[in-house]
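S.K.: Let me begin by handing over the structure; questions about it come next.
The values are calculated or read from the model by the stated rules, or taken from the named source; none is laboratory data. Quick caveat, the model's predicted, so the values are computed rather than measured. As a convention, Cβ positions derive from the backbone with ideal geometry for all residues, glycine included, and neighbour counts pool all protein chains shown.
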Amino acid sequence: MKTKACHPERSEGSQSFGRRRKTAEILRSAQNDKSGKGRLWSLKFTLNGKKVSAQVPPTRTLLDFLRLDMRLTGTKGACLEGECGSCYVLVDGKPMNSCLMLAPQVQDRDVTTIEGLAHSKKLDVIQQKFIDCGAVQCGYCTPGLILAAKALLAENSHPTREEFLAGMEGNICRCTGYNKILRACEQAADAMGLKK
């Protein structure tokens, strides 16, 4: 009988484990700062295709950094527990809960928000299909859903309906019932020439 590893992050490779260790060091450093002034982290990363440099408190979440410091309000914060997907951003092409990530965790990485999908004032095909199919109701979950679909289609160019469902399972929508969302994803794949 196989048992689960005590540290699954180590099995993901030393790069992932190294990032987690760095995050722990950042937090220890912030907690040990007795000056009362608070230490700032010199953050450098790529945001929506542009290099960004900023000084951030090491305990600031990526969600707060994007919304408050960068004024990119497309990324939403609903549950703030990593359960709903409204805060999804793409980090190195993978959907991540920005409410659970500390801003220093994106050091030297590539981050894409919903604002980074449109090019030359033209919506990404997934964004357009969400509009065309009526998959946008209140709009609160929409940015996370679109980014999850973007990541899924980048990884799997011919997803089945079941794979779409599995790829979107980290996202909660309280308005649409998911049928219009799935239709939008399928039509986006068709429009991109990806779906069989």
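S.K.: Considering only residues of the stretch 122-159 that are more than 16 Å from residue 187 (Cβ to Cβ) and charged (D, E, K, R), which is surrounded by the most Cβ atoms within 10 Å (Cβ to Cβ)?
M.R.: 155
S.K.: Condition first: assigned to a helix (DSSP H, G or I) and within 14 Å of the chain's Cα centre (by Cα). Now tell me which residues in the stretch 141-153 satisfy that.
M.R.: 142, 143, 144, 145, 146, 147, 148, 149, 150, 151, 152
S.K.: Is it the case that residue 23 is surrounded by 13 or more Cβ atoms within 10 Å (Cβ to Cβ), part of a loop (DSSP other than H, G, I, E, B) and at pLDDT below 95?
M.R.: Judged against the criteria, residue 23 is not a match.
S.K.: Just for the stretch 51-63: of the residues that are within 13 Å of the chain's Cα centre (by Cα) and not β-branched (Val, Ile, Thr), which one is nearest to residue 139 (Cα to Cα)?
M.R.: 63
S.K.: With (1) in contact (Cβ under 8 Å) with a residue 24 or more places away in the chain; (2) under 19 Å from residue 131 (Cα atoms); (3) within 22 Å of the chain's Cα centre (by Cα) as the list, and residue 191 as the residue in question, which single condition is left unmet?
M.R.: With respect to (1) in contact (Cβ under 8 Å) with a residue 24 or more places away in the chain; (2) under 19 Å from residue 131 (Cα atoms); (3) within 22 Å of the chain's Cα centre (by Cα), residue 191 is out only on (3).
S.K.: Check residue 75 against each of (1) of a type in the set (Val, Ile, Thr); (2) surrounded by fewer than 19 Cβ atoms within 10 Å (Cβ to Cβ); (3) touching a helix residue (DSSP H, G or I) at 6+ places or on another chain (Cβ under 6 Å) and name the one condition it does not meet.
M.R.: For residue 75, the failing item is (2).
S.K.: In the stretch 49-72, which residue that is of a type in the set (A, V, I, L, M), out of contact with any Lys or Arg (no Cβ under 9 Å at 6 or more places or on another chain) and closer than 21 Å to residue 117 by Cα is surrounded by the most Cβ atoms within 10 Å (Cβ to Cβ)?
M.R.: 62
S.K.: Could you tell me whether the stretch 168-189 includes any residue that is among the small types (Gly, Ala, Ser), surrounded by fewer than 18 Cβ atoms within 10 Å (Cβ to Cβ), assigned to a loop (DSSP other than H, G, I, E, B) and touching a strand residue (DSSP E or B) at 6+ places or on another chain (Cβ under 8 Å)?
M.R.: Yes.
S.K.: Where residues in the stretch 26-48 are in a loop (DSSP other than H, G, I, E, B) and either modelled with pLDDT of 95 or more or among the hydrophobic types (A, V, I, L, M, F, W, C) (or both), which of them is farthest from residue 119 (Cα to Cα)?
M.R.: Per the criteria, the residue is 40.
S.K.: Take residue 177 and tell me if it is closer than 23 Å to residue 77 by Cα and either among the hydroxyl-bearing types (Ser, Thr, Tyr) or out of contact with any helix residue (DSSP H, G or I) (no Cβ under 9 Å at 6 or more places or on another chain) (or both).
M.R.: yes
S.K.: Here is a further query. Of the residues that make up the stretch 8-20, is at least one at pLDDT 90 or above, in a helix (DSSP H, G or I), surrounded by 10 or more Cβ atoms within 10 Å (Cβ to Cβ) and hydrophobic (A, V, I, L, M, F, W, C)?
M.R.: Checked against the condition, which is being at pLDDT 90 or above, in a helix (DSSP H, G or I), surrounded by 10 or more Cβ atoms within 10 Å (Cβ to Cβ) and hydrophobic (A, V, I, L, M, F, W, C), the stretch 8-20 yields no hits at all.
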